[in-house]
Amino acid sequence: MDLVINGTRQTVDDAICVTRLLDLLAVDPSRVAVEVNRELVTRKSFDDTRLADGDAVEVVTFVGGG
Amino acid sequence: MAPDTYAVGPFRFESRLFLGTGKYATHSLMTDALDASGCQVVTVAVRRDVLSADGDRKKDNILDHLDFDRYTVLPNTAGCFNAADAIRSARLARELLDGLGNAGARWVKLEVLADKKTLLPDPVQTLEATRALTDLGFCVLAYSNDDPILAARLKSAGAASVMPAGSPIGSGQGILNPHNIRLCLEYLKTDDPDYPVIVDAGVGTASDVTIAMELGADGVLLNTGVACADDPVRMARAMNHAIQAGRLAWLSGRIPRKPYASASSPTDGTIASGAAGAAGQAPAHVS
């Protein structure tokens, strides 16, 4: 299935959860926050949140800012 | 003497300088500047993580360079141009900081901008987001125009602090309208003198910080003035002195401005001038 991850379309295995996606992306889950289709996914829901074809996923972290 | 501290929402600080972490050439330059500034609060922004399919991603995260025991992280909603995006950004930041066990999860610097050219805040969207985020349990520090009426509205909407702009973000123009900042302070602090007002944005050099503090602000937030100085660490030290100078001057009560001179030295006892013996005094007989 296809996901739009941080604005870029990517193909991943069907029916993965957020935890598995972050693992595939080599992202440390403690260093990011995640939205799916503009809704916040809390850290404790990463395992239970299944992704579906066409979902828009935002994976954010902190950068320098004022 | 008891330390001169102040509170913003659930936090209490001694340093009155909030320093941004953007635009530094390197992380080590940033940490040196933070250290030299004496700040206790640092701002950060929420952005998409740099990802790539092959797992080869940028690993150097700002979180690895901030001493959480020393600095309270204040996430901002910079780059948001409507209330909805600012609320999303604030919630993402809170989730991130919560996961890290960081106290900064409790507050947010709300920035809802109106226009890319001036980066001036959108007053209507800022007010709306202040209400919504306060309802969601955030301690909201609202970046605002230097408009006393809007400042009072933001406070009524629940803002824990109002942050009037000195001048546009990154412009280095300093405090363009000290009269309006003074009115903001009056409108926010009358009958509530401890309500924290942090002047945010536009600082170009140390004297700008001092001027803000001399007007009676509780603190100043700046980023570009330090990060983009030729010598950021030395400028951070200057800002550290400037904020303390301004605070002490405010507490000391400045003299009123007067139209004419008032001599500092006694006017009595000056030596004679003009022709010798013409001072009208009988010569003293010394023997």
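The values are calculated or read from the model by the stated rules, or taken from the named source; none is laboratory data. As the structure is a computational prediction, the values presented were derived from the model and not from experiment. Here Cβ is always computed from backbone atoms with ideal geometry, including for glycine, and neighbour counts include all displayed protein chains.
The table that follows gives values for the structure above.
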item	result
Count of region A:1-43 residues which are crowded, with 16+ Cβ neighbours inside 10 Å, part of a strand (DSSP E or B) and touching a residue at least 40 places away in the same chain (Cβ under 8 Å)	2
Enumeration of residues in region B:215-258 that are among the acidic types (Asp, Glu) and under 17 Å from B:Gly170 (Cβ atoms)	B:Asp230
Among (1) assigned to a strand (DSSP E or B); (2) out of contact with any strand residue (DSSP E or B) (no Cβ under 9 Å at 6 or more places or on another chain), the one test that B:Lys109 misses	(2)
Odd one out for A:Asp48, checked against (1) surrounded by fewer than 16 Cβ atoms within 10 Å (Cβ to Cβ); (2) assigned to a strand (DSSP E or B); (3) touching a helix residue (DSSP H, G or I) at 6+ places or on another chain (Cβ under 9 Å)	(2)
Lone unmet requirement of (1) small (Gly, Ala, Ser); (2) in a helix (DSSP H, G or I); (3) facing chain A (nearest Cβ under 9 Å) for B:Ala86	(3)
Unique residue being at pLDDT 95 or above and over 10 Å from the mean Cα position of the chain (by Cα) when the list is A:Asp14, A:Asp55, A:Asp48	A:Asp48
Subset of region B:108-142 [more than 26 Å from B:Ser171 (Cα to Cα) and buried (at least 21 other Cβ atoms within 10 Å of the Cβ)]	B:Leu133, B:Phe138
From the options A:Arg31, A:Arg20, A:Arg38, residue that is within 7 Å of chain B (Cβ to nearest Cβ) and farther than 13 Å from B:Gly99 by Cβ	A:Arg38
Residue among B:Ser207, B:Ser171, B:Ser156 that is closer than 20 Å to B:Ala78 by Cβ, surrounded by fewer than 23 Cβ atoms within 10 Å (Cβ to Cβ) and either away from chain A (no Cβ under 14 Å) or not acidic (Asp, Glu) (or both)	B:Ser171
Condition broken by B:Asp60, with the remaining ones in (1) touching an Asp or Glu at 6+ places or on another chain (Cβ under 8 Å); (2) outside any strand (DSSP E or B); (3) more than 10 Å from every other protein chain (Cβ to nearest Cβ); (4) farther than 21 Å from B:Ala236 by Cβ satisfied	(1)
Residue in region B:69-78 that is of a type outside the set (Val, Ile, Thr), within 14 Å of chain A (Cβ to nearest Cβ) and part of a loop (DSSP other than H, G, I, E, B) present	yes
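Residue-wise test of (1) in contact with a Leu (Cβ under 7 Å, 6 or more places away or on another chain); (2) touching a residue at least 24 places away in the same chain (Cβ under 8 Å).
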residue: B:Gly101; (1), (2): no, no
residue: B:Pro121; (1), (2): yes, yes
residue: B:Ala132; (1), (2): no, yes
residue: B:Leu136; (1), (2): no, yes
residue: B:Tyr143; (1), (2): yes, yes
residue: B:Asp146; (1), (2): no, yes
residue: B:Lys155; (1), (2): yes, yes
residue: B:Ala160; (1), (2): yes, yes
